[in-house]
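Input: a single structure, listed below in structure tokens.
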Amino acid sequence: MLEALGPGPLSPVTLRFRSLVSAMLSPSLPVRLDSQNETEVQLRIERPDKPPEYIVILDAVKEDERSLQLRLARLTSESIADQHVVVLSNQGWLPDVLSKAAATYGSRLKLYQVDSEGKVLMGSPSGPLAEAIKAQGEVIPTNETATEFAARLTQAESDKAGAVERFEERLQAQKPMATFVLAAALLLFYGLFRLWAGTDGTLWTLLQMGICVPRFVTEGELWRLLTAGLLHDQLLAVGLNAAVLLSLGYQTERLLGSGRFLLLVVASLLVGSLCAVIPTPQLMIPRKFGFAPALFGIVGALAALSVRKNGLPPETVARVRKVALAGVIPSAILVVLSGERTTLGGGFVIGFVLVASGILPSLRLSDPVPPSASSKLIGQAMAALSSLTLLGSVLTSLLVGKPWSSDPSVRERFGRAMLSQALGKGGSTPGQSASGTTDAAAPEADLSPVSHSLPGIGVGLSLPKLLGDPQPQGEGAQQTMRFGDLTGKLQQLDVAVRRHEAPFKKQAQVLVAFDQALALVKADKQREIKAGRLTLLGEPRSFSIETMPATELSFSGAEGVKAKTAVLVNKQVLVVLSYLYSDLLPPNMQLNLEQVLASVKDEFAESPIEQKKGKKKKKGKKRR
């Protein structure tokens, strides 16, 4: 045991020595007291699956060069590979001695010098040692005897174990009710979705329940930013999200408290949805990301707790790191594979920032027990604000969309308003027309046929006026013209036309060219199917246009998008129509590709020059 130092004040170096040792025994550091004497304290850091790391703190105020060298030699004689030796002294000869010792002992001893002011004069401390050196300035040393100091260290070790035990008891007492309620809400909303989903497509029901559509949000339907996170259209998706929520949210809510956890979820959903809306504010295609942004926000919060310990016990930090790592790895894979990288990344970033910055602090060892009245009030306010925001968004969405109603007029008014927005003819909300009344008719689309001539090809066709003018998409012998806009008009048609080098004279030539063209189209679509972007619906439909062969293939795509491809070969040209449209588009506005192919005309054949050539050929035949 330490002996009394005798009367009189202690030196500044000794006081700094005691402050640093006290800081090292903080409950927030994974340090245990191993041994002690009057001028030397050995501390141990246990590491899973590794030998312990030792930190030796020396009070060298009374040391000379020889005695310090002997002490360092003694430390290297012990069978310990990882030792960090901190020498506290202001003596000018010390840096030279430590430099020579570092060169002699190599990596077996890592040497540091700290002066009486707590400044590091040699070495670069890291880990718990660096934290203790930073915190020791706040420890007020006392002019106690060596015996009293030794007794205080022993008591500090005991108090540290007691503080960690009490923290774990508080943590276990935290009931993660918000996690269970959110998981139940996800399953409930999926059940309601299946109950209310109509036979004409599930996308309409999702729209009425509040799925995120960027155009609707920019038109004022802000509740979709939150309700979208509670909606899923696949049992596998909602099951996985609920399972991950129960796994990660259980630990996170205990650390943050229910109020802060709910605020984290709401903030992550909000930021994730904004990341989907801001880059494409006019997009009419729904974004199906579900609860994933909130899960990424939880992973971000756990990652922040792993990096910034925020006064947590070492054992808790180690446990949080394991949970965070278990969540980060599959999340990173999902980010790579998902088309919603920005949305998921936004949820992760806001979760990390809120916790790492201390805006949403976790429980700490230093928190009073029981918690203060102000702390309770803040937590309750966060819980109330988050719950009311979520509940208000859900109720607003349900009251506006009325997904439970079997009255066809409800969906008709809802669809009419959406169609009005899609055509850019007003910002009326579902159930309310552009004029502001419920019964007023929304603007109708102009479906009158308009003839279009494809420049450079000599081919014309008729399309609804709604699709607008063609936009060239390529050059050369096979030119592609695009009509419409999937994000704005909910439908898009690409027309690819290639004129034969010479008109076919026999039907057999037409059939061979048709089989070749169809094989190429099927091979191209097969790659889309393997990539997961398209799913073939049914069998190809074959028909003829003026005895010329034609075929139509139908596909289902992602996010409520469908596709059709039609191929026609006649004696003059090959025509391929690639049609994309949203489930939002009413059937009467969807293109009939057979009618489009029937309207294809060879403008060269109708030109005066070609007509004269035809007359000359007929006269020649008559003369023969």
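Computed from the coordinates by the stated procedures, all read-outs in this text should not be read as laboratory data. Everything numeric here is computed off the predicted structure, so don't read it as measured data. Positions of Cβ are generated from backbone atoms using ideal geometry, with glycine treated the same way; all protein chains shown enter the neighbour counts.
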Estimated FRET transfer efficiency (Asp82, Glu528; beta-carbon r; R0 56 Å; 0.05): 0.50
Size of charge dipole - region 476-541 - debye, nearest 20, with Cβ of Lys, Arg +1 and Asp, Glu -1, no other charges: 60 debye
Segment Val512-Thr142, length gained on full extension (0.36 nm per residue, minus Cα span): 123.2 nm
For peptides 142-150, 460-468, sequence by mean Cβ density within 10 Å, most packed first: 460-468, 142-150
Inter-part distance where region 493-565 and region 100-173 are each reduced to a Cα centre, Å: 75 Å
Theoretical gain in end-to-end length, Ser107 to Ser374 [0.36 nm per residue, Cα-Cα removed]: 91.1 nm
Computed label-point distance, nm, for sites His500 and Ser99 using a 7 Å Cα→Cβ extension: 9.2 nm
Two-site FRET efficiency, Lys62 against Lys322, from Cβ-Cβ distance with R₀ of 35 Å, rounded to 0.05: 0.15
Calculated FRET efficiency for the pair Asn37/Arg166, C-beta based, R₀ 22 Å, to 0.05: 0.10
Of Lys465/Lys564; Lys489/Lys571; Lys402/Lys465, those spanning more than 25 Å from alpha-carbon to alpha-carbon: Lys489/Lys571; Lys402/Lys465
Ser357-Thr342 pseudo-label distance in nm [points 7 Å out on the Cα-to-Cβ vector]: 2.1 nm
Label-point separation, Ser448 to Ser542 (7 Å along Cα→Cβ), nm: 4.0 nm
Under 14 Å, Cβ to Cβ, from Ser273 - net charge with Lys/Arg +1 and Asp/Glu -1: +2
Sequence-separation-based contact order of region 515-598, relative, with Cα cut under 8 Å and 6+ spacing, percent: 19 percent
Sorted peptide list for 271-277, 369-375, 581-587, 288-294, criterion being average Cβ within 10 angstrom, highest first: 288-294, 271-277, 581-587, 369-375
GluC sites (Glu not before Pro) within region 510-556, DSSP loop, no more than 16 other Cβ atoms inside 10 Å: Glu546
Region 171-303, relative contact order in percent, only Cα pairs under 8 angstrom and at least six apart counted: 36 percent
Neighbour-count order for Ile545, Ile140, Ile298, Ile350, fewest beta carbons within 10 angstrom listed first: Ile140, Ile545, Ile350, Ile298
Protection-proxy order for peptides 98-105, 19-26, each taking the mean of Cβ atoms within 10 Å per residue, highest first: 19-26, 98-105
Lys, Arg +1 and Asp, Glu -1 on Cβ, resulting dipole of region 6-121 about Cα centre, debye, nearest 20: 100 debye
Sorted by Cβ density within 10 Å, fewest first, the residues Met122, Met177: Met177, Met122
Region 196-257 versus region 266-312: alpha-carbon centroid distance in Å: 13 Å
